[in-house]
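Engineer: Okay, here's the structure, questions in a sec.
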Amino acid sequence: MTSLATPPRTTNPFYRARPAAHSIPAVCAPQKVVIGDATLYRADCFDVLPTLAEIDTVITDPPYGIGFAYRSYDDDPADYDRLMSRLVPKLSRVTGNGPCFVWQSPLKADRWHRYFPEGFRIVAACKIPREHMGKQTCLSWDPVIFWSGRSLLKDELPRDWHVADLRPWDGYRGDNPVPCPRPLAQVQYFCNSVRGSTILDPFMGSGTTGVAAILAGKRFIGIERDPVYFEYACRRIEAASKEPRHAAV
Ligand SMILES: C[S@@+](CC[C@H](N)C(=O)[O-])C[C@H]1O[C@@H](n2cnc3c(N)ncnc32)[C@H](O)[C@@H]1O
């Protein structure tokens, strides 16, 4: 386990230093919480995934292996190959061979062919970020890897790209404890579009996929190992379950 006092190894320009929470343990005993249509596990996903079956769709944003400063997870670039090689077969099994949507860092694009099944596709989640230091920043995009032996990409999404206007971006505001959480508008495009009615995110973080899934009227299964992120996700998903559901696009 990484000491929370250790400065993170990172060259990531989006890294934001966060105060170490010494009073909160890095990981806790597993816990299962049910909130409406959401079943949430505070656990290591590699312990829970073998117990799950018949998941319609995976929509997830795993650690990128680029030295992000998570509260308890060590995002060591040296471990990335091992993480993805372990993960992809488990996601294929739990869904019965997809559909799976997995956010990635473009910094790892030279390795995707090693982990993802042959024929994988890249969806461009384009975003118009907020202004930075008074200047409008240019359009950028996040790659989302798709694979499925059960459907084509066109069966799941209206397009293999979309643009989310993030001005003002909800990602860096408020009290979200996760560094660089997914923008909700970006994840909603996927949750609102996919055919399946049960969505799994085994790297739930602050619960963005859970919020988007519940607002889309889907069932959600989320897994997160960090107790602080997990508690935050529970609160967000509980609030979302009290909001009106969106119609699918
Ligand atoms: C990129 S973040 C997810 C952020 C999330 N999309 C959001 O919007 O908040 C990846 C998350 O995976 C969690 N994580 C890393 N390894 C894990 C594991 N084996 N099981 C469960 N969660 C894990 C980390 O604690 C971190 O919260």
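Engineer: Taking the condition of being near the ligand (Cβ under 9 Å from one of its atoms), open to solvent by 10 Å² or more (accessible area, probe 1.4 Å) and either of a type in the set (Lys, Arg) or over 12 Å from residue 180 (Cα atoms) (or both), how many residues in segment 57-71 meet it?
Structural biologist: Qualifying residue count for the region: 1.
Engineer: Restricting attention to strands (runs of 3 or more DSSP E) lying wholly within segment 23-94, give those where 1 or more residues are among the charged types (D, E, K, R).
Structural biologist: Ranges flagged: 31-35, 38-42.
Engineer: Under the condition of being within 13 Å of the ligand (Cβ to nearest atom), in contact (Cβ under 8 Å) with a residue 60 or more places away in the chain and open to solvent by 10 Å² or more (accessible area, probe 1.4 Å), which residue from segment 179-203 is farthest from residue 147 (Cα to Cα)?
Structural biologist: Restricting to residues being within 13 Å of the ligand (Cβ to nearest atom), in contact (Cβ under 8 Å) with a residue 60 or more places away in the chain and open to solvent by 10 Å² or more (accessible area, probe 1.4 Å), the top hit is 180.
Engineer: Follow-up. Residues being of a type outside the set (Ser, Thr, Tyr), surrounded by 18 or more Cβ atoms within 10 Å (Cβ to Cβ) and part of a loop (DSSP other than H, G, I, E, B): count how many of those fall in segment 121-154.
Structural biologist: Total meeting the criteria: 1.
The values are calculated or read from the model by the stated rules, or taken from the named source; none is laboratory data. The structure displayed is predicted, hence computed values, not measured ones. Ideal geometry is used to build each Cβ from the backbone, glycine not excepted, and the neighbour counts take in all protein chains shown. In case anyone asks, the SASA skips ligands and DNA or RNA and just uses the protein heavy atoms, side chains included. Shrake-Rupley method; radii C 1.70, N 1.55, O 1.52, S 1.80 Å.
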